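Novice: Okay, handing you the structure first.
Bear in mind that the values in this text are calculations on the coordinates, not laboratory data. As the structure is a computational prediction, the values presented were derived from the model and not from experiment. When we count neighbours, we look across all protein chains shown, and the Cβ atoms used for this are built from the backbone with ideal geometry, even at glycine.
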Amino acid sequence: MKFFDLHVHSAFSGGESSLEEIAKTAKLLGYHGICLVFYYQDEKQKEILEAEIEKLKKEVGIEIYLGFEARNLKELKELSRKRRSFDLLLARGGEVEMNRKACETKEVDILTHPEYQRNDSGLDHVSVRFAAENDVAIELNLREILISSKASRAKVLANMARNVKLAKKYGAKIIVCSGAVSHWELRDPLCLASLATQLGLELKEAKEAVSKIPEKIVEKMKERRSENWIRPGVKIVGWEK
Amino acid sequence: MKKPKTLIPTLREKERYVKFKVISEQPISYVDLESAIWNLFLDFYGELGVSEISLWVIKNLWDEKEQVGVIKCNNKSVQKVLTGLNFIQRLGDSRVIFKILKISGTIKGLG
């Protein structure tokens, strides 16, 4: 089984650890691939990151994807336009408008922590239905639990469980990520999957949330970046003479 | 002290052994590890929750050199144990990550 962690920050995006430390730890923990997430600045930054990632891939021997996280609606709009030029698009959840817009946007791969800093779960049945239609995965973020404690942790867990229930009802994808900002916050994939079992997923579904579902997201990304892809739902299958 | 008779196999609790490796900044001692696991589990699951896990950090299977240990629990609580290990971020002054090596029904099966 191939395991993936598609939400990891590094020193380039508010994290503590270097890209190398993260990649080596992920390899040690048995991950097949990770997505290093950054905040978009300009094309020059993107090119530097791509070069760094390519170098690291060869050095460490692990799949590394370049992801950008949209922090607000403006960034989401901009990154949606540039969608084909990088690997994964994540939308930072938390605000209801952002959660809803991310679920409605086909270009978005992952809606990160929709319940972030909220007293409710941040998602309703309409948003989750859109997420299922548009193939947007809803993330369960371990770091959000790690940084909270006691009553606030209990609330976060309850909100996540509510989102899991909604996602299961409407068939939206659920993905479990560490959301790590340091290589010390990366976790064993089996431990990550077990977290989802405590939030209402069956063991098989929980394992898929760290393996099969992220793998599908990666496959979709590869297809999207291929020359034959035109737009969601439209691709060149073959040429007729 | 007299012990009660051993239960027949069908009445006995089925156990699971989780073999793990501690990746840390500095080597970890068994005492630190055991107290961190117990404190975290009591905090997270509460006393009743931990009583349902049948938790035991096995002392004589702790390999100080390799930093490899074994946690015993019942077969229904493996996922609870793995979830709990997510939340142990520090042991003493050292930051840690737990890598799961194997889960088995017998110690022999851990290899």
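Novice: Taking 25 Å as the cut-off for C-alpha to C-alpha distance, list the pairs among A:Lys173/B:Lys14; A:Lys58/A:Lys216; A:Lys57/B:Lys99; A:Lys24/A:Lys173 that go past it.
Specialist: A:Lys173/B:Lys14; A:Lys24/A:Lys173
Novice: Another one. Taking the convex hull of the alpha carbon atoms in segment A:70-228, what volume per residue do you get, in Å³?
Specialist: 109
Novice: Could you work out which residue, out of B:Leu40, B:Leu11, B:Leu48, moves most in a Gaussian network model of chain B, that is, has the largest mean-square fluctuation with Cα springs under 10 Å?
Specialist: In this elastic network of chain B, the residue with the biggest mean-square fluctuation among B:Leu40, B:Leu11, B:Leu48 is B:Leu11.
Novice: Could you work out how far apart the two model spin labels at A:Glu50 and A:Arg71 are, taking each label as a point 7 Å from the Cα in the direction of the beta carbon, and quote it in nm?
Specialist: 2.4
Novice: When chain B is modelled as a GNM with alpha-carbon springs shorter than 10 Å, which of B:Lys99, B:Lys19, B:Lys65 fluctuates the most?
Specialist: B:Lys65
Novice: Still on this structure: Between A:Ser10 and residues 5 or more places away or on another chain, which pairs have amide H atoms under 5 Å apart, with H built 1.01 Å from N, and which residues are they?
Specialist: Correct list: A:Gly15, A:Val37.
Novice: If you wrap a convex hull around the Cα atoms of chain B, how much volume per residue is inside, in Å³?
Specialist: 126
Novice: So how do A:Ser211, B:Ser54, A:Ser226 line up by other beta-carbon neighbours within 10 Å, fewest first?
Specialist: Ascending number of Cβ neighbours within 10 Å: A:Ser226, B:Ser54, A:Ser211.
Novice: With n ≥ 4 as the cut-off for DSSP H runs, can you work out [θ] at 222 nm for chain A, using -39500 (n - 2.57) per run divided by the number of residues, rounded to the nearest 500?
Specialist: Rounded to the nearest 500, the figure is -13500 deg cm²/dmol.
Novice: Exceeding 23 Å between C-alpha atoms, which entries from my cross-link table qualify? They are A:Lys155/A:Lys220; A:Lys55/A:Lys222; A:Lys27/A:Lys222; A:Lys204/B:Lys19; B:Lys21/B:Lys80; B:Lys65/B:Lys102.
Specialist: Result: A:Lys155/A:Lys220 exceed 23 Å.
Novice: Counting only C-alpha contacts under 8 Å and six or more residues apart, can you give the relative contact order of chain A as a whole percent?
Specialist: 20
Novice: Find the percent of Cα-Cα distances in the protein assembly as shown that exceed 37 Å, and round it to a whole number.
Specialist: Of all Cα-Cα distances in the protein assembly as shown, 22 percent exceed 37 Å.
Novice: Going 7 Å from the Cα of A:Lys235 in the Cα-to-Cβ direction, what parts of segment A:206-220 have a backbone nitrogen less than 18 Å from that spot?
Specialist: A:213-220
Novice: Which of A:Arg100, A:Arg81, A:Arg162 moves most in a GNM of chain A, Cα contacts under 10 Å?
Specialist: With Cα springs under 10 Å in chain A, the top fluctuation among A:Arg100, A:Arg81, A:Arg162 is at A:Arg81.
Novice: Among DSSP beta bridges lying fully in the protein assembly as shown, give the percent that are antiparallel, nearest 5.
Specialist: If I count the DSSP bridges inside the protein assembly as shown, around 50 percent turn out antiparallel.
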